[in-house]
Amino acid sequence: MKDFEIMKVAIFIPCYIDQFYPQVAIATLELLEKLGVTVSYPEKQTCCGQPMANAGFEHLTESGNTLFIENFSGYDYIVSPSGSCVLHIKDHLHSSVKEQEAISIRAKVYELTEFLTDVLQVRNITSKFYHKVGLHQSCHGQRGLKLSQMSELVAPGFSKPESLLRMVEGLELIALDRKDECCGFGGTFCVGEEAVSVKMGKDRVADHLHYGAEFITANDMSCLMHLEGILKRQKSPTKVIHIAEILNAGL
Amino acid sequence: MSTDPNSFNHSTTSDHATLADKFNLDEPRVDWHDKTLWFIRNKRDKAAWQLPEWEQLRESASQIKNNVLSNLHSYLLQFEKNAQQNGITVHWAATAEEHNKIVHSIIQKTGISQVVKSKSMLTEECHLNEYLLTRGIEVIDTDLGERIVQLAGEPPSHIVLPCIHWKKEEIGELFSKHLGTPEGISDPQFLTAAARIHLRQRFMSSRLAITGVNFAVAETGEIVVCTNEGNADLGVQLADVHIACMGIEKIIPQRKHLAIFLRLLARSATGQPITTYSSHFQRPRKGQEMHIVLVDNGRSERLGSNDFRNALKCIRCGACMNTCPVYRRSGGHSYHYAIAGPIGAILAPGLDMKKHADLPFASTLCGSCSHVCPVKIDIHDQLYKWRQVLAKNNYIGRTKKAGIKGMAFILSHPKLYTLAGAGARWLMKHIPFVVNNKLNPWYKQREMPDVPQQSFNGWYQQNRKSK
C-alpha cells in the first residue's frame, strides 16, 4: 500500500456527475482513499469536451482542452468514474500550444475500474452490498477502453468491472439476455433521436428487470441517468447505482 | 405489374429522427423487428465461433481490401484486360446517370422490353429500375425479398434481407393482391411456391438478365455472384444477354482470396457457412452477350479521403445493420438511402452531404458495427468524423450550433460553469416546470434526475478544503 501514497493521483469528475450525482464523486474519492491512494482534486475542472465533439464541434473544444491540460498536468495518474469521458480524453485531447502535455495526459488517464484492476491490482476488496445487481456494460468503456470483452469478437472473455463486483460480499450478479447492448443514451442522441433512445433504454431496463435486478450498475453515470429516467417514469422499485458507490459500500 | 416502383419517393425529405419516431409508434412491431434482426446477429455469432481463426480471417480480408484500395487503378485495368480476353464487353461509368444510360443502351439494342434482375445494391444506388421503367422497360427483381418490396412499391429496407420489415401475413395479403393467391394465407412455404411459379414465368420469358457482383477477380477477369435462391444463375443461363453491374471497389486480386471472403460473407450476413450459390461468370456462353459495367459514382473521390476511404472495403454483408441497436429500432427506411444502417450512414453523406446530414447522428457511437464488420471498417469512428465535417460545412441547424457554442464557452470558464450549474440546479429544484414540460424531449418518456443540494465541488470545498 505504501507505493500508492507516493503516486500523484488526481480525480477527474465529469461535469454532470459534479452537478447531478455528487455522491458518485464522493464514493470515488473515498474508495481510492480507503485503498491507500492520496487523491488530489483540481478544483477548476469542468468537462472533457465530449458533448461538443460528439455533436460535430470538436473544433470548439480548444479552450476546454487547454483548461483540462492546466488542471491535470503533472500527475502520474488521472482517474475518473466514467469510461466515456476517459475515452474522449484518450482519443481527442489535443492542443495547438501544449500538445506534449496533451499526449502525456492521454496516456495517464484511467477509468476507475481499470485503475483498480490494472494499476492498484486490487485482487480482493471488503466491500459489502447485499443485493441482486445487473451490470450494464457502457459501450465506450467496453469497446473503447476494452474494459470488458465485446460479444462481437471471437476472443476469450474478461470483464474488469465484473471481476471487481464478484469480490463484493453479498452481491449477486444477474445474467442478461443481451450482455452488451447499448442503452441508447448517446449524448445528444438522447434528445435528437428521442424515440429510438427511449426504446433502447426501455429494452435494456426490461432485460435487467426480467432477471430480478434490484440495482442496475455501470461505469458510466450517463447511461444510468438515462435508465434511471425510464425506471422512475415506470415507477419501478429498481434503482441505479454507480459501480464506485457499490465498491465503496461497507468498506 | 400493378404497382409502380416510382411511387416510393426516394427524395423523401423527412430526417432519420422523424422517420424513426413514426416507426416507433407501433411498439410491438419495433420489438418484432428488433428481435428478428437480433436473432440473425446471434446466428452470425454462432457461425463465427465455429471458426477459431475468425479474427485472423477478418484481419486477412481487411488487409486484402487495403491492398486493393491502394492499387485499385492497376487491378481494374488487369480485370478489364482479362475480362475482355474472356469475351466480355467492359463499360466504364463515372456516375449513376452514366451507368443507367449504358445499361439502357445495351437493352435498347436488343429491343427487349422486360428484363430480370438478381440482387444488386449498386442498381438500387443508381435507381436503375425507375430509370428503365420511365423508358418503357420493365425490370423484374427476382430475389424473393426484392420482388416483395418491388410489388409493394418500396425500396429494400436491408441490403441482404430486403423485406425483413414485412410480416408473413402482410406478404400473404400482398401476394393475394398481385399474384392472385387466395386471401388469408401466411404459410411461408405456400407463398414461396406461389412466388416461384410467378417468377418462373418471368425467367422463361426474359431474354436479358442483369446481376450484381459480389467479387470481381482481377487475375481471371471473372465475377462471382452469391445468392441463396439461384436466381442469378437461372436468369443468366436463360438469357441471351447478361449485364453485370458493379462498383469499382468490388475487385479482389486473385481467385484464392475468395477462400477468405466467401467464408466471411455468408457467416457475417446470415450465419450460414456459405451462400447456397456462389456462381462464377467468366465468359459468355456460345451465342450469349456478356457486359460488365464498372461504376465510380463518387468512389474515386472517397478513395482520396484518408478519413473515409476504407468504407470502400465493404462487402455488403449487412452485419452492421443486424447488430446496430438503432437500425433494429428504426427500420431501414428511416435512413432514406439505398443502403441503410451504419454503413449507409457513412456512405450516403459522401454522395450528398446536405441530403444525408442527419444520418451520422443516427447512432450512439456504441461501436458494435466496427467490431462485427468482417473487413474491419472503422464505421463508428467515421460516423464521428462525418459529424465534424458536417458541422464545419454548416449542415447542422443554427439553434443546435448556438447551443453548442454557448455550452463550449461556459465549460471553458470554471467560474461561469459553477454559476451555471448552481443556477440550473436551483431552477430544476424550485421551478421544475422549466424542464419538466413537453418541450423537453428528455422528459417526454423519462424523469429528470433528482437535484442534489450541492455539487461535488461545493461538497469538496465544505468538507475537504478546511481539513
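Readers should treat all values here as calculations from the given coordinates under stated rules, not as data from a laboratory. The structure presented is a predicted model; accordingly, all values stated were derived computationally and were not measured. For neighbour counting, all protein chains shown are included, and Cβ atoms are generated from backbone atoms with ideal geometry for every residue, glycine included.
Would you mind classifying chain A by shape? Square roots of the alpha carbon gyration tensor eigenvalues, ordered a ≥ b ≥ c; an a/c under 1.5 is rounded, otherwise it is prolate if a/b is larger than b/c and oblate if not. Intermediate values should be presented prior to the final figure.
Details: a/c = 1.76, a/b = 1.20, b/c = 1.46.
Oblate, since a/c reaches 1.5 and b/c is not below a/b.
Taking Cα centre as origin and charging only the Cβ of basic (Lys, Arg, +1) and acidic (Asp, Glu, -1) residues, the dipole magnitude of the stretch A:117-161 rounds to 160 debye. As a length-normalised measure over Cα pairs under 8 Å and 6 or more apart, the relative contact order of the stretch B:325-448 settles at 14 percent. In order along the stretch B:441-458, the phi-based Karplus estimate (6.51 cos²θ - 1.76 cosθ + 1.60, θ = phi - 60°) of 3J(HN,Hα) comes to x, 4, 6, 3, 10, 9, 7, 6, x, 5, 9, x, 4, 9, 6, 4, 4, x Hz; Gly and Pro are listed as x. Taking the Cα centre of the protein assembly as shown as origin and assigning +1 to Lys and Arg Cβ atoms and -1 to Asp and Glu Cβ atoms, the resulting dipole is close to 220 debye.
Taking every DSSP helix (H) stretch of at least 4 residues in the protein assembly as shown, weighting each as -39,500 (n - 2.57) and dividing the sum by the residue count yields a mean residue ellipticity at 222 nm of -14000 deg cm²/dmol. Work out the charge dipole of the protein assembly as shown with +1 on the Cβ of Lys and Arg and -1 on the Cβ of Asp and Glu about the Cα centre, then indicate which of B:462, A:86, B:266 is farthest towards its positive end. Of B:462, A:86, B:266, it is B:462. Angle, helix B:72-85 long axis vs. longest principal axis of chain B, Cα atoms, 0 to 90°, nearest 10? Approximately 20 degrees, to the nearest ten.
Counts of other chain beta carbons within 10 angstrom of each beta carbon in peptide A:41-49 average 5. Computed over all pairs of different Cα atoms, the Kirkwood value for the hydrodynamic radius of the protein assembly as shown is 27.4 Å.
Projecting label points 7 angstrom from Cα along Cα→Cβ for residue B:429 and residue B:186 puts them 5.5 nm apart.
What is the antiparallel percent of DSSP beta bridges lying wholly in the protein assembly as shown, to the nearest 5?
Values: 9 of 51 bridges.
The answer is about 20 percent antiparallel.
For the stretch B:193-243, rounded, prolate or oblate, judged on the Cα gyration tensor with a ≥ b ≥ c (square roots of eigenvalues), a/c < 1.5 rounded, else prolate if a/b > b/c? Verdict is oblate for the stretch B:193-243. Here the extension length gained between residue B:35 and residue B:205 equals 57.3 nm, from 0.36 nm per residue of separation less the Cα-Cα distance.
Magnitude of the Cβ-charge dipole of the stretch B:358-467, K/R +1 and D/E -1, about the Cα centre, nearest 20 debye? Mind showing how you got there, number by number?
On the way: 17 positive and 5 negative charges, 85 e Å.
Dipole size: approximately 400 debye.
Cysteines in chain B that lack a partner Cβ within the 4.7 Å cut-off: B:126, B:163, B:226, B:245, B:314, B:317, B:324, B:373. Model label points for residue B:305 and residue B:354, set 7 angstrom from Cα along the Cα-to-Cβ axis, are 1.7 nm apart.
Below 8 Å, C-alpha to C-alpha, sequence gap of six or more: please give me the relative contact order for the stretch A:168-251 in percent.
Taking the mean separation of contacting Cα pairs over the length of the stretch A:168-251, I get 27 percent.
What does the C-alpha gyration tensor say about the overall shape of the stretch A:187-251? Classify as rounded when a/c is under 1.5, otherwise prolate if a/b is larger than b/c, or oblate. Before the final figure, lay out each step's value.
Numbers: a/c = 2.52, a/b = 1.49, b/c = 1.69.
Because a/c hits 1.5 or more and a/b fails to exceed b/c, the stretch A:187-251 counts as oblate.
Run the numbers on the stretch B:243-328 and let me know its relative contact order in percent, using alpha-carbon pairs under 8 Å that are six or more apart.
On the way: 59 pairs, mean separation 34.3, N = 86.
Here the relative contact order equals 40 percent.
Each label point was placed 7 Å from the Cα along the Cα-to-Cβ direction; for residue A:233 and residue A:5 their separation is 5.1 nm. Share of pairwise Cα-Cα distances greater than 33 Å in chain B is 43 percent (whole percent). Considering only DSSP beta bridges with both partners in the stretch B:84-231, what is the antiparallel share in %, to the nearest 5? About 35 percent, rounded to the nearest 5.
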